[in-house]
Amino acid sequence: LESIQPVRTPEELEKLRQKIESERGNKKPTVSICISTGCVALGATSVLEAFKNGIKKTKLEEEIEIKETGCLGFCEQGPRVTIYPDEICYFKVKPDDVQEIISTIKENKIVENLLYTDPITRKKVRRLNEIPFYKDQLRPLLENNARIDPKNILDYIHLDGYRALAKAISQMTPQQIIEEIKRSKLRGRGGGGFPTGIKWETTRNATEQTKYVIVNCDEGDPGAFMDRSLMDGNPHSVLEGLIIGAFAIGAQEGYVYVREEYPLATENITTAIDQAKQYGFLGEDILGSGFNFNVKVHKGAGAFVSGESSALMTAIEGKTGDPRPKYVRTAVKGLWNKPTCLNNVKTWANIPLIIMKGAEWFKNIGTEGSSGTAIFSLVGKIKNTGLVEVPMGITLRDLIFKIGGGIKDDKKFKAVQTGGPSGGFIPEKYLDLQVDFDELDKVGSMMGSGGLVVIDEDTCMVDSARYFVDFLLEESCGKCIPCREGLRVLSKTLGNICEGKGEHDDIGIVEDVSLTMENASLCALGTTAANPILTSLKYFSEEWDQHIKEKKCIAKACKSLTDYYIDPKECQACLICLRECPTKAIEGEKDQVHWINQKKCEKCGICYEVCKFDAVEKLSGEKIPSKPAKGMKPIRKGAKQ
Amino acid sequence: MKTLTLKIDGKEVEAEEDMTILEAAEKLGIQIPTLCHHENLEPYGACRICSVEIEAKGKTMIVASCCYPVKRDLNVITRSSKIDKIRKTILELAAVTAGEDAMGEMRKLASEYNADLSLLRSKTSIVPTKCILCGLCVRRCSEATWDSVIGFIGRGTKRQITLYPEKASICAICDYCHDVCPTGKITSTGPDPPFPQIDDILAGRE
């Protein structure tokens with residue numbers, strides 16, 4: 001084993017890069033397998049084993065390289081395998097497919113049935129950027145995820161890694177770096193959207209000499225995994241950004257706060273820090289500049305509220321992660337009351353790109369007020385779920401219908417919720433809204449950290465608001481009265497409305513409590529917690545009225561307001577629902593139309609699911625028609641023809 | 001210490017730069033209600049009843065005056081229909097745990113702000129604990145005994161104040177926690193002891 005020589009100057013870094021290039025220059029075929037969280041859950045580990053064994057068996061170790069990489073975002077199609085240099089993408093790969101793939105690599109052929117099928121043209125697609133899900137994306141942050149083994153720093157260095165650090169440290173002054181970031185107009189990707197350069201400058205200008213920098217990877221939004229994907233797949237990009245930031249700000253120590261639930265991210269960033277230390281990108285006298293900087297990993301204990309910057313710092317200090325008043329910014333008085341610059345994972349990962357490619361390049365992507373790209377996690381009632389990276393300013397319509405492929409089962413679009421649990425619902429009339437920090441804010445939602453939940457006609461807007469309120473109720477730290485008690489009252493009130501127990505003064509109460517929470521809560525969890533309710537009330541007020549006054553849920557999603565009914569004209573008396581009903585609530589026999597005894601029905605919906613003739617209907621807010629005459633025969637369908 | 005001038009309810013006041021709005025208002029004799037504040041304890045900002053409107057650089061926002069530091073040319077409004085409405089709702093929310101029969105400062109403020117302490121309480125079905133988790137007792141205890149005997153456990157609505165059993169022997173029964181309690185929850189004697197463990201331990205039952 002070659003002992004590692006620390007890189008002492010920018011020139012030595014370039015030499016190292018050239019050495020890696022010459023060693024790998026022959027471009028032998030590489031099998032890149034995603035072993036990030038999503039694909040591993042779908043069986044990527046056994047696919048990887050199959051490749052290792054298969055290549056060994058066919059004695060191709062010298063000819064084919066295997067690379068264990070991070071996530072490309074189309075997780076529902078996993079496990080994903082890409083064959084370089086031709087960039088052939090295989091999806092839903094099983095261990096049994098591996099032998100065939102290996103043999104085709106040798107023969108320069110393709111396994112057609114493992115390629116992605118374009119759902120519209122029905123054609124097989126070979127390369128990533130030909131797939132509709134990827135076609136309209138722009139992926140400067142995520143694109144290297146498939147090319148890098150996150151546990152191998154040489155892979156990162158090979159793809160120009162740490163060159164931005166070398167440039168910043170040897171050719172720029174801290175002031176120049178901050179100016180460059182300010183010119184790029186980069187805004188905080190954790191959701192607040194505060195101008196990053198100004199934040200850095202505030203910490204740099206604070207009088208205290210001891211300063212800290214922090215990576216916030218306490219990603220807790222339900223269904224969101226943007227930060228995880230970067231930390232799993234390209235941890236050095238985050239680390240390089242952090243080191244540049246520390247140099248510009250004048251910090252000597254940094255923390256990476258990773259939530260407990262991200263074991264792979266923790267493992268990979270820890271490895272990255274160790275390797276960066278060995279190679280001299282961390283520690284004393286970095287790249288011969290005299291700059292010293294060290295980083296520690298802090299594991300969170302699973303509280304959503306700890307993603308709030310002051311709560312996160314309190315947690316690092318070893319106390320309960322409660323937020324504290326931030327009227328003096330954490331940039332001035334943060335961790336241990338020292339000036340602290342905290343940025344989200346994605347913010348830090350953007351830094352090396354801006355330093356290398358320049359502020360102008362960055363500013364040219366996105367909109368006037370929000371430059372660069374945004375990473376969204378597309379989930380909910382949408383065909384293509386996964387992680388997408390797009391330029392700021394893309395319309396919601398393009399995001400949902402082009403990249404996302406439209407609504408699942410071709411249902412009707414109802415709303416989209418952006419920004420995580422405290423984001424707002426955006427109705428159909430704003431589908432052409434250009435997604436950026438300011439536009440989302442204008443319609444009552446927010447960018448947040450990038451969650452995007454698509455809602456279809458079968459989803460109730462009151463129930464959706466209740467879902468998010470209940471999530472936040474669980475996650476509120478409980479320190480301030482408006483948030484703790486406000487969420488408790490809202491949860492109870494919304495629950496009552498969904499259960500048909502809503503009263504006429506409930507909407508007024510919900511509005512008053514929301515107003516108080518919005519204005520008087522201690523931290524952003526409380527001040528934004530009412531967004532789902534307020535936007536639901538604003539854009540879907542008729543649904544609230546129907547729930548309260550008519551005891552009706554048009555989406556037929558609220559169980560207490562929905563009844564199941566078998567249409568005697570449609571029922572074919574096939575006995576299937578009758579047999580499947582767990583409470584034996586369905587009456588009838590062979591050749592006699594069936595009937596649901598409402599007193600026994602628990603509304604589980606199994607009859608609705610199993611009926612092959614669409615005879616079971618959901619009713620809400622209307623009277624159940626009277627029972628058909630005993631012994632009524634089914635009206636046979638198609639009998640007339 | 002440098003001083004600066006700001007305006008509170010239309011009146012100019014000179015304040016030291018490390019003062020909070022609440023302290024500056026006191027200089028003018030303007031009373032801002034508080035539930036979790038104590039002049040000798042660090043600001044905590046949990047009850048939010050001291051919320052006031054501030055106007056600076058053309059923007060208005062609502063802040064907790066017990067924590068917000070004074071700034072030059074700040075324009076503060078301590079009473080407005082919006083502020084009154086927020087304070088009324090905060091009292092009604094506090095009553096969810098404090099109970100509609102809360103005593104002390106809560107009762108006084110409820111009548112001043114016309115708060116119906118049973119309005120929001122009636123929406124929930126929880127048994128009142130009399131405690132609004134203002135943390136005054138916890139903070140007072142930690143200053144009195146250098147090492148707090150009581151503290152918070154739990155998160156969100158499960159948050160509560162408890163005695164740390166291993167520290168019970170330090171409790172000097174100084175009654176300071178009793179003195180600062182704004183709801184009348186903490187009584188040194190009486191039928192409803194605030195930290196049952198304390199009494200149990202002192203009575204030798206544990």
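The values are calculated or read from the model by the stated rules, or taken from the named source; none is laboratory data. Please read these numbers as outputs of a predicted model, since none were measured by experiment. Quick reminder, even Gly has a Cβ in these numbers, built from the backbone with ideal geometry, and neighbours come from all protein chains shown. Side chains included, ligands, DNA and RNA excluded: accessible areas come from the protein's heavy atoms. Shrake-Rupley method; radii C 1.70, N 1.55, O 1.52, S 1.80 Å.
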Spelling out what I want: for every residue of the range B:157-165, take phi, set θ = phi - 60°, compute 6.51 cos²θ - 1.76 cosθ + 1.60 (Karplus), and round to whole Hz; glycine and proline get x. 6, 8, 5, 7, 9, 9, 8, 7, x
Short version: which residues of the range B:80-111 lose at least 40 Å² of accessible area, all chains versus chain alone, 1.4 Å probe? B:85, B:86, B:89, B:93
Determine the per residue accessible area of chain A with all protein chains present and a 1.4 angstrom probe, expressed in square angstrom. 41 Å²
In chain A the DSSP beta bridges are antiparallel at a rate, in percent to nearest 5, of 60 percent
Would you compute, from DSSP H runs of 4+ residues alone, the mean residue ellipticity of chain A at 222 nm, taking -39500 (n - 2.57) per run and dividing by the full residue count, rounded to the nearest 500? -10500 deg cm²/dmol
Paired Rg and Dmax values of the range A:78-119, which use every Cα atom, in angstrom: 9.8, 30
If you rank A:298, A:594 by how much accessible surface each has, with a 1.4 Å probe, what is the order from largest down? A:298, A:594
Can you send over the carbon and sulfur percentage of the accessible area for the protein assembly as shown, probe radius 1.4 Å, protein chains only? 49 percent
Which value in deg cm²/dmol, rounded to the nearest 500, describes the helix-derived mean residue ellipticity at 222 nm for chain B, given -39,500 (n - 2.57) per DSSP H run of n ≥ 4 and division by the residue count? -8000 deg cm²/dmol
Provide the buried accessible surface between chains A and B in square angstrom, both chains summed, 1.4 Å probe, rounded to the nearest 100. 3100 Å²
Accessible area, 1.4 Å probe, largest first: how do B:3, B:124 sort? B:3, B:124
Express in Å², to the nearest 10, the accessible area of residue A:600 obtained by rolling a 1.4 Å probe over the protein heavy atoms while all chains stay in place. 110 Å²
What trypsin sites (Lys or Arg not before Pro) does the range A:422-527 have in DSSP loop regions with at most 14 other beta carbons within 10 Å? A:501
Under the √(5λ) rule applied to the eigenvalues of the Cα gyration tensor, what semi-axes describe the equivalent ellipsoid of chain A? Give them in Å, descending. 49, 34, 19
Residue-count net charge about residue A:461 - beta-carbon cut-off 14 Å; Lys, Arg +1, Asp, Glu -1: -1
Between residue B:118 and residue A:368, the two model label points (7 Å from Cα along the beta-carbon direction) sit apart by a distance in nm of 5.7 nm
In the range B:96-127, the GluC sites (Glu not before Pro) that sit in a DSSP loop and have at most 14 other Cβ atoms within 10 Å of their own Cβ are none
Just the number, please: Stokes-Einstein D of chain B in µm²/s, Kirkwood Rh from C-alpha pairs, 10 °C, 1.306 mPa s. 86 µm²/s
What are the trypsin sites (Lys or Arg not before Pro) within the range A:54-95 that DSSP puts in a loop, where the Cβ has at most 16 other Cβ atoms within 10 Å? A:59, A:92
I'd like the accessible area for residue B:81: 1.4 Å probe, protein heavy atoms, all chains in place, Å² to the nearest 10. 100 Å²
Of the listed pairs A:28/A:151; B:82/B:130; A:414/A:600; A:109/A:151; A:151/A:357; A:167/A:333, those with alpha carbons more than 22 Å apart are B:82/B:130; A:414/A:600; A:109/A:151; A:151/A:357; A:167/A:333
From most to least accessible, 1.4 Å probe, no ligand or DNA/RNA atoms counted, A:19, A:346, A:630, A:167 line up as A:630, A:19, A:167, A:346
Might you work out the accessible area of residue A:622 for me, using a 1.4 Å probe with all protein chains in place, and round it to the nearest 10 Å²? 100 Å²
Just to be sure I understand: if I project the alpha-carbon convex hull of the range A:343-502 onto a plane and average over all orientations, what area do I get in nm²? 11.0 nm²
Are there residues in the range A:479-523 whose accessible area shrinks by at least 50 Å² when all protein chains are included rather than the chain by itself, and which are they (probe 1.4 Å, ligands and nucleic acids not counted)? A:479, A:481, A:484, A:485, A:488, A:489, A:492, A:509, A:515, A:516, A:519, A:520
Mean accessible area per residue over chain B (1.4 angstrom probe, all protein chains present, square angstrom) is 49 Å²
Determine the distance separating the Cα centre of the range B:70-122 from the Cα centre of the range A:485-524; give it in Å without decimals. 17 Å
So, over other residues within a Cβ distance under 12 Å of residue A:109, counting Lys, Arg +1 and Asp, Glu -1, the net charge is -2
Where Lys and Arg each count +1 and Asp and Glu each count -1, what net charge lies around residue A:185 among other residues with Cβ under 9 Å from its Cβ? +3
Long-range HN-HN contacts of residue A:340 with modeled amide H, under 5 Å: A:212, A:331, A:332, A:333, A:334, A:335
